[in-house]
Every structure is written in C-alpha cells, then in structure tokens.
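Notes follow the structure.
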Amino acid sequence: MKVRTRFAPSPTGFLHLGGARTALFSWLYARKNKGEFILRIEDTDRVRSKKEYLDEILESLRWLGIDWDKIFYQSERFDIYREYAKKLVSQGKAYKKEGAIFFRYEFKEIKINDLIRGQIIFKELPKEEEVIIKSDGTPAYNFSCCIDDALMGITHIIRGEDHISNTPKQILMYEALVFNIPEFAHVPLILSESGQRLSKRFGATSLREYREKGYLSRALVNYLLLLGWSPGNNREIISLEEAVKIFDIRNVNKTSSIFSFDKLDWVNSEYIKAQKLDDLVKLVKDYLEERKFLSQDIEDDYLRKVVELFKTRISKLSDLIEWAYFCFYDDFVYAPDTEEILRRDLSREMEILIERLAKLESFNRENIEKEFRATAADLGLKAKDLVHPTRVALTGKKIGPGLFETMEVLGRDRVIDRLRRMVKYWGGDHV
C-alpha cells in the first residue's frame with residue numbers, strides 16, 4: 001500500500017503554527033515512506049474563503065520547504081458530494097429535511113488505533129443527526145472530508161487533536177459509503193507557556209508574521225519539529241533533509257507541546273550562526289531592503305562587515321534594525337540607560353583620543369585597540385572608563401558588539417565625527 005497523506009487548510013484565514021506543524025508532520029510521513037502528499041483546499045465556505053488567504057497559505061508552505069504532489073479544491077467538487085448524498089438518500093442512509101440532507105446515524109461503539117495515542121473508544125456521538133448537504137447546496141465538513149479522503153486514496157490522516165470528536169462521525173460515514181477507513185494520528189495541541197491554547201496575543205500569529213520578524217524558514221521548521229517530536233540523542237538542531245530519513249508519526253509525543261519564543265529565538269540564532277557569510281548577507285540585504293531600511297548608498301562590502309559583526313549576536317534578522325541602526329544612520333539618540341555614563345565629563349580625554357585615532361596609519365581593530373588602551377593609560381584612566389562613553393558615542397547604547405571591531409567597521413571618519421558629537425554633548429549641545 002502506497003502511503004498518501006494530506007493537508008487540508010481552509011482559506012478563511014492565514015496559516016498558523018498549529019496548521020504548519022500538521023502540514024509538516026504529514027509531509028514528512030509521506031516523504032519518509034516514499035509516498036505522496038496531497039494538498040486539499042477546503043474552500044466550501046464561499047463567503048469567508050479569500051484568495052489572499054489562499055495565496056498566503058501556499059506561499060508559507062513553499063517557504064517552509066513543503067511541496068505537494070497534487071492539489072485539489074473542494075469548491076470544484078460540489079457535484080461529487082451531491083451525487084454521493086443522493087446515493088445515501090436512495091439507500092435510506094440519509095434523509096431530506098427543511099431543504100437540507102441529513103445523515104442517518106446507526107451508532108455503535110467505535111474503536112480506533114490512533115498512531116499517536118493508541119486505542120481510542122467512542123461510546124456515543126455528541127448529537128443524533130448531522131447535516132451533510134446544507135440548504136444552500138454546499139457540503140458539510142465531515143461529509144466532504146470523508147468523500148475526498150476516500151477518492152484521493154488517503155491512507156493516513158494526520159491532524160490536530162481538536163478533530164478527535166469528528167472521527168466517529170466520519171467512520172460511520174466511511175462505512176455507509178462503503179469506503180476503506182484510513183489510519184488516524186491526532187497530534188496534541190501547542191500550548192503557551194501558561195498552559196493555554198495559543199492566541200493572537202501569544203504565538204498564534206500567521207507564518208507570514210514569523211517571516212517578517214526575521215526567522216529563517218529552516219529554523220522555524222526545526223522548531224516546529226521539536227514541538228512534539230525529537231530526533232533523539234538530546235539533539236535539537238536537525239535539517240529537514242535528515243528529518244525525512246528518521247521521522248515517524250508514531251514517535252510524536254502524546255502530550256501537548258509548550259511554545260517558547262526564547263527557544264525559537266535560540267534555534268533561529270543557531271541557524272544564523274551556521275549560515276555561510278555570503279548567504280547570510282544576501283538574506284539580510286533582501287530583508288532590510290524589503291523594509292526600506294537600507295539607503296541606496298550602502299555598499300555591499302560595508303553591509304558584509306556589519307553582518308559579520310552581528311552574526312553571532314542576533315537571534316533574528318529584525319534585531320539588526322534596532323541593534324545595527326547606528327551602523328547605517330547617524331541620527332540615533334543616546335539611550336536613557338546611558339545617563340550615568342554620560343554624567344562624567346571626559347571632554348578633554350575624548351579630544352586627545354580623537355587626535356590620536358586621527359593619526360593612526362591603518363585604522364584596523366588591532367591598531368585601534370593598541371592606541372585606545374595606550375591613550376587610557378597615559379590619561380591615568382582604566383580602559384573601561386574610556387570604553388563605556390566611547391561605546392555610547394558610537395552606538396547610543398551601553399552594550400553591543402566588541403568596541404574595537406565596531407570602530408573598524410564604522411571607519412575612521414564616522415568614529416571621529418561621533419566622538420566630536422559626544423564632546424559637544426558634554427559642552428551643552430545635548431542630543
């Protein structure tokens with residue numbers, strides 16, 4: 001039997017983390033077993049289904065590296081659903097009432113062997129009757145879902161645990177339609193750190209928003225994998241290609257996973273560090289240009305130096321907009337928490353540092369550090385006494401990348417201009 005899985009999003013909203021993880025697990029299981037992955041767009045809701053949602057869902061899946069073998073649209077299959085409903089009515093397995101068609105349940109105890117949860121026993125249904133074709137002629141979810149899964153040859157249905165209540169209804173429909181019953185795997189929910197379901201305020205934003213925040217696609221995929229599954233041996237970083245080789249839906253945890261931005265940021269930072277510098281520079285350039293952050297006169301060589309300066313310090317690309325602002329613009333202000341550093345007037349000492357930096361033959365990190373430390377010593381200062389105000393002068397912040405590496409990247413002219421600006425500040429010309 002050839003494994004065939006599916007992901008069936010509804011284009012009534014954007015793709016969120018839970019749906020993305022379901023798609024990923026379904027895709028991995030199919031690819032691991034040399035099977036097929038079907039994408040089915042459940043667009044039966046004519047009012048709420050929007051092209052903008054569909055486009056975003058497809059683009060997000062592609063961004064994650066999830067491809068599909070076939071794509072179907074339920075809106076193009078209404079005649080199929082109506083024909084099967086008509087057949088059930090003729091067999092006495094369904095009936096018409098008030099312009100709709102209802103399925104006639106003949107309920108019995110139902111047992112399934114869930115691939116994640118083990119045996120699940122259903123002893124009763126939540127209601128006695130179920131609409132299968134609505135009065136407007138559109139199919140109901142459970143009915144269209146059963147028909148499509150059967151006709152598309154879906155062998156394994158991997159979906160969220162919130163669909164468990166639908167399972168007994170669908171099994172009875174499978175049996176009434178004389179269809180083979182697929183295997184089921186219900187994936188536990190993703191919860192917030194407070195133990196609540198993800199909400200728009202925490203975590204349940206669209207995949208597009210994670211992309212806009214500067215998370216790398218492979219890093220997000222890696223983190224989604226960790227939300228319920230583990231590659232073993234205490235490993236937390238795994239490529240999509242390797243995951244395809246070892247993933248098994250039976251190894252997914254039975255308990256809910258906890259979403260953590262801190263953990264996601266850590267995973268993303270590991271991927272940023274592992275990027276080849278040229279590749280990371282391209283990602284950064286595209287990201288910053290899309291947000292109109294880079295001015296047109298920024299040279300690629302300078303951007304490369306900035307990226308190299310921050311590569312091991314950022315957790316997502318958006319960090320650069322705040323942390324590296326000083327590398328691209330001179331109009332920054334001194335942060336409020338630098339007030340204590342600025343309180344000590346070192347105008348005379350800074351003037352001397354400016355004079356000595358201006359005379360350096362080669363403005364590189366080694367020469368800058370040597371001259372800087374020598375200047376501090378000659379002035380009877382500890383190095384840190386000069387480091388802190390210099391950093392504030394150059395970046396506007398108390399913390400940041402190594403000072404001397406930063407000075408080299410900024411270049412002599414920009415460094416001296418900003419140190420002079422600090423001297424003016426102490427002279428009463430406040431920023």
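What are the residues in region 73-103 that are buried (at least 17 other Cβ atoms within 10 Å of the Cβ) and touching a helix residue (DSSP H, G or I) at 6+ places or on another chain (Cβ under 9 Å), if any?
Gln74, Arg77, Tyr81, Tyr84, Ala85, Leu88, Lys93, Ala94, Ile101, Phe103, listed by residue number.
Examine region 317-327 for a residue that is in contact (Cβ under 8 Å) with a residue 40 or more places away in the chain, of a type in the set (S, T, N, Q) and within 30 Å of Ile237 (Cβ to Cβ), and state whether such a residue exists.
yes
Answer yes or no as to whether Leu303 is under 21 Å from Glu322 (Cβ atoms), touching a Lys or Arg at 6+ places or on another chain (Cβ under 9 Å) and at pLDDT 95 or above.
So Leu303 passes the test.
Can you find even one residue in region 66-74 that is more than 23 Å from Ile249 (Cβ to Cβ), in contact (Cβ under 8 Å) with a residue 60 or more places away in the chain and either assigned by TED's automatic domain parsing to the domain that holds Glu241 or out of contact with any Leu (no Cβ under 6 Å at 6 or more places or on another chain) (or both)?
yes
Could you look through region 315-325, keep only residues that are over 16 Å from the mean Cα position of the chain (by Cα) and crowded, with 21+ Cβ neighbours inside 10 Å, and pick out the one that is nearest to Glu209 (Cα to Cα)?
Leu320
Does Val89 fit the bill of being over 37 Å from the mean Cα position of the chain (by Cα), in a loop (DSSP other than H, G, I, E, B) and of a type in the set (A, V, I, L, M)?
For Val89, the condition - over 37 Å from the mean Cα position of the chain (by Cα), in a loop (DSSP other than H, G, I, E, B) and of a type in the set (A, V, I, L, M) - is not met.
Name the one entry in Ser165, Ser192 that is small (Gly, Ala, Ser), out of contact with any helix residue (DSSP H, G or I) (no Cβ under 8 Å at 6 or more places or on another chain) and within 30 Å of Glu83 (Cβ to Cβ).
Just a single option satisfies the conditions, and that option is Ser165.
For region 45-66, give me each residue that is modelled with pLDDT of 95 or more, crowded, with 17+ Cβ neighbours inside 10 Å and in a loop (DSSP other than H, G, I, E, B).
Scanning region 45-66 gives a single hit, Ile66.
Filter region 287-299 down to the residues that are surrounded by 10 or more Cβ atoms within 10 Å (Cβ to Cβ) and either part of a helix (DSSP H, G or I) or among the acidic types (Asp, Glu) (or both) and list them by number.
Matches in region 287-299: Tyr287, Leu288, Glu289, Glu290.
Can you pull out every residue in region 344-369 that is surrounded by 13 or more Cβ atoms within 10 Å (Cβ to Cβ) and either β-branched (Val, Ile, Thr) or without any contact (Cβ under 8 Å) to a residue 40 or more places away in the chain (or both)?
Residues satisfying the conditions are Glu349, Ile352, Ile354, Arg356, Asn367, Ile368, Glu369.
The values are calculated or read from the model by the stated rules, or taken from the named source; none is laboratory data. Every value quoted in this text rests on a predicted model; they were computed, and no experiment measured them. So basically every Cβ, Gly included, is an ideal-geometry build from the backbone, and we count neighbours across all protein chains shown.
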